[in-house]
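The values are calculated or read from the model by the stated rules, or taken from the named source; none is laboratory data. Small disclaimer: the values here were computed from a predicted structure and weren't measured. Cβ sites come from the backbone with ideal geometry, for glycine too, and all protein chains shown count toward neighbours.
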Amino acid sequence: MQRVAVVGAGTMGRTHADAYARMPNAELVAVCDVKIDAAQQLADKYSVRAFADVRSMLSEVDVDLVDICTPTHTHIDYIKAAAAAGKHICCEKPLTRTTGQAMEAVRICEEAGVVLFPAQVLRWFPEFRKMHDLIVSGAVGTPVVARTSRCSAYPRGTDDWFADMKNSGGVALDMIIHDYDWLRWCFGKVKRVYARGLYESNIPLTDYALVTLRFDSGVIAHVEGNWARPGGFVATVEVAGTDGLLSYSSTDAVPLTIELKAKGEEKVGVTVPESPVSQSPYYLELEHLVNCLETGTKPEVSPEDGLEAVRIGEAALKSISTGQPIALA
Amino acid sequence: MAEPKTVKIGIMSFAHMHAHGYASCLKRLPNVEFVGIADDDPSRAKQMAEQYGVLAFDTYEQMLASDIDAVIVTSENAKHRRHVALAAQSEKHVLCEKPLATTKQDAEAIVEVVRRSKIKFMMAFPCRFHPAFKRLLESVTSGDLGKVLAMKGTNQGQCPGGWFTDLRLAGGGAVIDHTVHLVDLMRVLTKAEPARVYAEVDNRLFGGEFDDTGIITVEFTNKVFATIDSSWSRPKTYPFWGNVNLEVIGTQGVAKMEMFAQKIDLYSDKTGKHTYEYWGDDVNLALIDSFARSVAEDRAVEITGDDGLKALEVALAAYESAKSREPVDLLA
Ligand SMILES: NC(=O)c1ccc[n+]([C@@H]2O[C@H](COP(=O)([O-])OP(=O)(O)OC[C@H]3O[C@@H](n4cnc5c(N)ncnc54)[C@H](O)[C@@H]3O)[C@@H](O)[C@H]2O)c1
């Protein structure tokens, strides 16, 4: 049984807490948030203790795993605190805000002998796992050119923390790091990054980036990140190889659409497309981690995977800023 | 109102498959008379002339000496310069297939030959005439989308094979073939010129001498940035030849154009294939109509040689950038 404390009681904190609460071999034991009300509210739901300070939590509660779901720029502080206390760590993506911090995180966790699990959840999205498996099985032959796209409206976190680009890294780090990790999983090491984007353009609640990645394997990938889309979330992927092409769009993968007539005062009805799966990818991801901790096996996502994804994101930001391609050592 | 004058048109070379599309439009347009065909390969000229019920000329010179008003040049890219010069000598107006040429030198020479002559010269960028693009342009121009910030385009297709993969005749592979359409549409939308180009280009789909894969980033003089995917990445089993897609990101919204989305899905046991049967507007019809009207009414053409040159420059800069692994400044 893994005893888990969640730090950060926002959108992701709630999602992770819910997953642990349903897991047979995990137990949610505490919630921590600088906003004690937020911590208390989530803690009450599962009848566990709430803390505003992580150090008091770690000294007062017996914890095996600390799960960090706070704004990105604060990840490194919690990684340090948890590693110092000898706790295993799950950390929401991006692992940290900078490559330097990510390298430090990898090193201190190794020295402390604790597991550091970067929560790159895309690997547990069934469509992305299916595409990965098809690609590595040679379904499109040798992969040559890939395109991914991830679009939504601008995210509104607690106190609008995403809007501070310095803290969130904007769309080119925060959002499409999902795709960087998935592309690395499929195609290996990235050697060159070129990007254009709005990271430094100071347009309120708008960000957009077009990133070109060149892999050691020769694959060229085009990664779009869009935080300026009024129409809701869309993800698309296509991979072309010597023997074929695979393509996916979240707008097509919709097995259920419910349309309701207008009620009462409303003028128009609502249409809600749904793509239900029996297990949430977040549950599957955290279940994998908990099972690894229970059996002492290595999780499928390594600390280095988390670090490399941040390195690509940071290179993209640097390329946006300098207008130059960035070579990765 | 007086009936517009009928414009007599010949086709110079059927090397480019678009000649077929143009030929069928010439037959359909009321203000145009499709006179005949000349070709480097006289037997092809004969065969095509028979197919379309027009005259076959033994040589380009013979066709140009006839009473035609204009020609459509659909020869291999590298031959455009020679064929345009021939037509200009005989004072025949020209509608020229894209890309304008295979080198900047040839492209500039074409623009110069046209400038010194009295002929009208129009670039065949038919995508400008698609109603979806016109609506997109309207929406951008009216300010609906706010200030344009970025664009994302794809002109992915199946590998056409033949001389398109012969560097001497085509000037390159997928990048020179497919980049120019989107550069042209983007120039029209942003009303700005390409200033900087970066590209990753490779040949790993077919492993030939020619490039088959290209992701090109273009920055415009007004800071708008864009990417173009010009890869021949649609496999042989793909239901259609390819696509022309363009997304525009503005401060007030986003727009997405899929030019050939007006289609019927056909699953045929006869052919063993799934195909997209396109039913939208035939953009070639509007292109040739525009050209014929410019000739008949002695008006300026809608798409100039300079437009062709500007688009070509981006494709050529993409090759240069891919080689140097550096962005290339076009205005330097
Ligand atoms: N995997 C995914 O799909 C996904 C989706 C969204 C966000 N994320 C990532 O998860 C993390 C959290 O994002 P979110 O959307 O849940 O944000 P959020 O704003 O909803 O929640 C953040 C919570 O952290 C608290 N907090 C802020 N600073 C803190 C600090 N210094 N110490 C403790 N608590 C603090 C806030 O009060 C808030 O309750 C980010 O790194 C984000 O990039 C991942």
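Those helices (runs of 4 or more DSSP H) of the stretch B:13-72 in which at least 1 residues are without any contact (Cβ under 8 Å) to a residue 24 or more places away in the chain, considering only elements entirely within it, cover B:18-28, B:42-52. Identify, please: which residue in the stretch A:151-182 is within 19 Å of residue A:282 (Cα to Cα), part of a helix (DSSP H, G or I) and away from the ligand (no atom under 11 Å from the Cβ) and is, among those, farthest from the other protein chains (Cβ to nearest Cβ)? By that ranking, first place goes to A:182.
When the stretch A:65-82 is filtered for residues that are surrounded by 24 or more Cβ atoms within 10 Å (Cβ to Cβ), touching a residue at least 60 places away in the same chain (Cβ under 8 Å) and over 16 Å from residue A:162 (Cα atoms), the ones remaining, listed by number, are A:65, A:66, A:67, A:68. Of the residues making up the stretch A:183-193, those that are in contact with a Leu (Cβ under 9 Å, 6 or more places away or on another chain) and in a loop (DSSP other than H, G, I, E, B) number 1. When you check residue A:215 against the structure, is it hydrophobic (A, V, I, L, M, F, W, C), touching a residue at least 24 places away in the same chain (Cβ under 8 Å), more than 9 Å from chain B (Cβ to nearest Cβ) and surrounded by 17 or more Cβ atoms within 10 Å (Cβ to Cβ), yes or no? Answer is yes for this residue. Applying the criterion of being within 13 Å of chain A (Cβ to nearest Cβ), surrounded by 17 or more Cβ atoms within 10 Å (Cβ to Cβ) and touching a Phe, Trp or Tyr at 6+ places or on another chain (Cβ under 8 Å) to the residues of the stretch B:152-164, the residue that is nearest to residue A:236 (Cα to Cα) is B:156. Within the stretch A:274-295, is there a residue that is surrounded by 20 or more Cβ atoms within 10 Å (Cβ to Cβ), closer than 28 Å to residue B:237 by Cα and at pLDDT 95 or above? No, the conditions are met nowhere in the stretch A:274-295.
Of the helices (runs of 4 or more DSSP H) lying entirely inside the stretch A:1-75, those containing at least 3 residues that are near the ligand (Cβ under 9 Å from one of its atoms) are A:11-22, A:36-45. Note on the stretch B:195-219: residues that are buried (at least 22 other Cβ atoms within 10 Å of the Cβ), assigned to a strand (DSSP E or B) and more than 7 Å from every other protein chain (Cβ to nearest Cβ) amount to 6.
So, residue A:168, is that one surrounded by 18 or more Cβ atoms within 10 Å (Cβ to Cβ), more than 21 Å from residue A:297 (Cβ to Cβ) and within 14 Å of the chain's Cα centre (by Cα) or not? When the stated conditions are applied, residue A:168 passes them. Report yes if residue A:204 is closer than 20 Å to residue B:254 by Cβ, at the interface with chain B (Cβ under 10 Å from one of its Cβ atoms) and without any contact (Cβ under 8 Å) to a residue 60 or more places away in the chain, otherwise no. For residue A:204, the condition - closer than 20 Å to residue B:254 by Cβ, at the interface with chain B (Cβ under 10 Å from one of its Cβ atoms) and without any contact (Cβ under 8 Å) to a residue 60 or more places away in the chain - is met.
Residues of the stretch B:165-194 that are within 14 Å of residue B:316 (Cβ to Cβ), buried (at least 20 other Cβ atoms within 10 Å of the Cβ) and more than 16 Å from the chain's Cα centre (by Cα): B:194 alone. Residues in the stretch B:222-236 that are more than 7 Å from chain A (Cβ to nearest Cβ) and closer than 21 Å to residue A:209 by Cβ: B:222, B:223, B:224, B:226, B:228, B:230. Out of (1) within 14 Å of chain A (Cβ to nearest Cβ); (2) under 21 Å from the mean Cα position of the chain (by Cα); (3) part of a helix (DSSP H, G or I), what's the single condition that is false for residue B:261? Of everything listed in (1) within 14 Å of chain A (Cβ to nearest Cβ); (2) under 21 Å from the mean Cα position of the chain (by Cα); (3) part of a helix (DSSP H, G or I), residue B:261 misses just condition (3).
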